[in-house]
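The values are calculated or read from the model by the stated rules, or taken from the named source; none is laboratory data. Everything quoted here is computed from the prediction, not taken from an experiment. No Cβ is skipped: glycine too gets one built from the backbone with ideal geometry, and neighbour counts run over all protein chains shown.
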């Protein structure tokens, strides 16, 4: 269906090609997952499938790409619209109209289909993707998962033979992601659609993939069965990590398969921990000397008639990392902004070191509470990293070089002369975090920091956050990323509809929840294990113990 | 029982809830506005505003774009007030009913004919108020059209030769709120860095991320449009394209000149009606040639039925009857200020305006979102009746 023959893609002004000598053949009815670190060329590979690369993006493409027999050299994206449906990273940015039904009809209007055919197809797609109740809704009022499904539906109405999706679940909470993944697998199984999708969060989609395309260093591309390809990768979803640790063969990719292999591991773990409930090192109660750094009571945030946060009390201790979870729109961001003092707050008080940040001028408020917002790029406006750092030092009245040395502590080798927008997602996040840390806030808040980060960057971020906590900051982050929370958080709060509905040690809250339980917890339930590292630590002394016993 | 939206009779007579063709609403509103432009009679103008407001209240939908009518009313009020205040400040001393005398500020000789302060007469204040009210009424009529007809659907019904223009407008309309949102977001972010969000330096700090954001979005949008087939069949020979463009633009210029010629009696007659007709013919020819080349269809096109014709006709009737009333008795439409007279309701003009109120009943009821419609129906389920 899709064939790449000796394809090499080089962008203008780049010295090295993004993709080198790619030979690929994706068959009909296949669900193909594209993986690789950030910036490795996943989006480029997907874009090449409908001609956006290089017709739209510029650059040179050597070799040939054919889709359903059409050469993308002679067919620009618009001429492939009836064969390839393409859904970009941010569905909202790709919406042309502003109501659901019209969005669904847009491609068909350009394919010049008859009105009766269009009407029938719109109705079919509304049913297929469970969108019928949203048909009159303005697109901006939809939730993240709904938007993504509308974007998929809008691509499907043209009856393409291939559907290309760029990170369809990255901005979604676990439940919405499952909705979207369910819709995609339904297309593959029931309609025989060929689907190619790129995704960072392998744990969400790997079990449904027929084959995996891995983009490695220097643009080399490997294709193969999921288990085969994953065997060559060091950053794997927890389920594969656990399988490696326990030596399971073949490597299970779904929770169901993994649980079948798990009983022996569960027994070993029970022996290793001597029947005692596993207690994570990170779950130690904070030192008694550390009293609450942040004390918020009765926080209420409203937007018109909508209550975003309802009477929330929150205390944060120094030296601990807390995570707020909850579905999109449950009030997480509003809570963080209200605590920082910049966002609206209808009622309630916040005390940090005896002061309320909302009562101070912004320059003083950020010395108490620093916030890294969801769109961290909004904070950056200088031409180079160096200028950005100098600006940050000036803003905080810190000695020259403070920001730069903080940045170096967070990540290695960010070039001074680089434009902030050219950095990788992880580097950019570190830069924004460094800028906020120059003011040395007692409390550090991060809104959705893991968006767009690959496994390596997330692991690094986890180290950074633990380090901040060790240095006496109180860290609070909001996120959808269950696996990240499992590695980093001591305490988890769950918000729903503006209320905090759960608050406790990470293990207690995560293990008990059907949608927020990390993979390791699902596999090893009822044991309270959250991450592969926990399990590895518990097993490490085990051989010694057995030797003593024998 | 009294609710026509629920009574079986309304449905039986073929008036199922649906959206009226946007062009019908615009013709209606322009007719009403034309009527307003022909008079300064405050009673007639007030009646026009009342009729427009009544139709809006009966036939507007719950959509976001339909909530702005209050804004147009406020804008109208502001215009009247400004007009009167301006007249009070910059003098107006004709007539002899002096209301109050302000101290006059002496101006240098070169400012001959301009005065600040002085005697304020009832006549001059009324003249300003009448004039302001006429402008306010025009704006409220256009506002009514904006509120009754979905602006996007109106753009969808532009001739296909103007499709690209329509698409550009649609994108521009959706970009504006995004830009506002983006500015708000970046300003908040700036405060996180300790900036106050004011002053020139801060503006640069806000402008750059906002522009980068806008550029990023527009690229994403362009990519999405391309991937979904936009501009698919635009293989048009350059010659045809130039011919179409020339005809449409030339025609529109002709229409403008012709309309001016028709309205202004001092212009040579050849620039009047003949020019208007020639311009219209050229534009229509351009649309026809341009429309033939485009291979595109419209999803759920708005039908043009008898109802549309009737609604449009009521607006035209208001304009025609107003013009007729003006020809028959000009004084009834321009109440005299010197000497002061009480304005009267010219019967022909009043009839015309009242006819324009009929769409409140003639236009089909607004289609409610299914959930709301079901919820409203619930009490009338037989078993649920008390």
Among helices (runs of 4 or more DSSP H) entirely inside the stretch B:89-206, those with 1 or more residues being modelled with pLDDT of 85 or more and in the same structural domain as residue B:47 (by TED's automatic domain parsing) are B:122-148
Exercise. Could you tell me whether residue B:31 is in contact (Cβ under 8 Å) with a residue 12 or more places away in the chain, under 16 Å from the mean Cα position of the chain (by Cα), in the same structural domain as residue B:138 (by TED's automatic domain parsing) and surrounded by fewer than 19 Cβ atoms within 10 Å (Cβ to Cβ)?
Key: no
Exactly one of B:222, B:202 is more than 9 Å from every other protein chain (Cβ to nearest Cβ), surrounded by 13 or more Cβ atoms within 10 Å (Cβ to Cβ) and more than 23 Å from the chain's Cα centre (by Cα), and that one is B:202
Restricted to the stretch B:60-86 and to residues being part of a loop (DSSP other than H, G, I, E, B) and within 14 Å of chain A (Cβ to nearest Cβ), the residue nearest to residue B:137 (Cα to Cα) is B:61
Counting only helices (runs of 4 or more DSSP H) wholly inside the stretch A:387-504, the ones holding at least 1 residues that are without any contact (Cβ under 8 Å) to a residue 60 or more places away in the chain, within 18 Å of the chain's Cα centre (by Cα) and buried (at least 20 other Cβ atoms within 10 Å of the Cβ) are A:425-437, A:455-470, A:482-488
*Answer with yes or no whether residue A:153 is away from chain B (no Cβ under 11 Å), in contact (Cβ under 8 Å) with a residue 60 or more places away in the chain, in a helix (DSSP H, G or I) and out of contact with any strand residue (DSSP E or B) (no Cβ under 9 Å at 6 or more places or on another chain).*
no
- Message: For the stretch B:45-59, check the following and say yes or no: at least one residue is under 30 Å from residue B:325 (Cα atoms) and in a loop (DSSP other than H, G, I, E, B).
- Response: no
Tell me yes or no: at least one residue of the stretch A:397-416 is in contact with a helix residue (DSSP H, G or I) (Cβ under 9 Å, 6 or more places away or on another chain), under 20 Å from residue B:186 (Cα atoms) and at pLDDT 85 or above. no
Of the residues in the stretch B:299-328, those that are surrounded by 14 or more Cβ atoms within 10 Å (Cβ to Cβ) and in a loop (DSSP other than H, G, I, E, B) come to B:299, B:300, B:302, B:304, B:305
Among residues of the stretch A:127-141 being farther than 14 Å from residue A:180 by Cα and crowded, with 18+ Cβ neighbours inside 10 Å, the residue farthest from the chain's Cα centre (by Cα) is A:134
Counting only residues in the stretch A:343-382 that are at pLDDT below 90 and at positive phi, the one surrounded by the most Cβ atoms within 10 Å (Cβ to Cβ) is identified as A:353
Taking the stretch B:254-280 and keeping only residues that are surrounded by fewer than 14 Cβ atoms within 10 Å (Cβ to Cβ) and either in contact (Cβ under 8 Å) with a residue 60 or more places away in the chain or assigned to a helix (DSSP H, G or I) (or both), one is left with B:256, B:263, B:269, B:270, B:273, B:274, B:277
Counting only residues that are at the interface with chain B (Cβ under 7 Å from one of its Cβ atoms), assigned to a helix (DSSP H, G or I) and closer than 13 Å to residue B:301 by Cα, the stretch A:108-119 contains a total of 4
Checking A:37, A:54 in turn, the sole residue that is surrounded by 19 or more Cβ atoms within 10 Å (Cβ to Cβ), touching a helix residue (DSSP H, G or I) at 6+ places or on another chain (Cβ under 9 Å), in a loop (DSSP other than H, G, I, E, B) and more than 8 Å from every other protein chain (Cβ to nearest Cβ) turns out to be A:37
Within the stretch A:66-77, the residues that are surrounded by 23 or more Cβ atoms within 10 Å (Cβ to Cβ) and at the interface with another protein chain (Cβ under 8 Å from one of its Cβ atoms) are A:77
### Query
Could we say that residue A:148 is in a loop (DSSP other than H, G, I, E, B), more than 7 Å from every other protein chain (Cβ to nearest Cβ), touching a strand residue (DSSP E or B) at 6+ places or on another chain (Cβ under 9 Å) and touching a residue at least 40 places away in the same chain (Cβ under 8 Å) here?
no
In the stretch A:92-107, anything in a helix (DSSP H, G or I) and within 7 Å of chain B (Cβ to nearest Cβ) is listed as A:93, A:94, A:102, A:105, A:106, A:107
ask   = For the stretch A:125-143, does any single residue satisfy the condition of being more than 10 Å from chain B (Cβ to nearest Cβ), part of a helix (DSSP H, G or I) and without any contact (Cβ under 8 Å) to a residue 12 or more places away in the chain?
value = yes
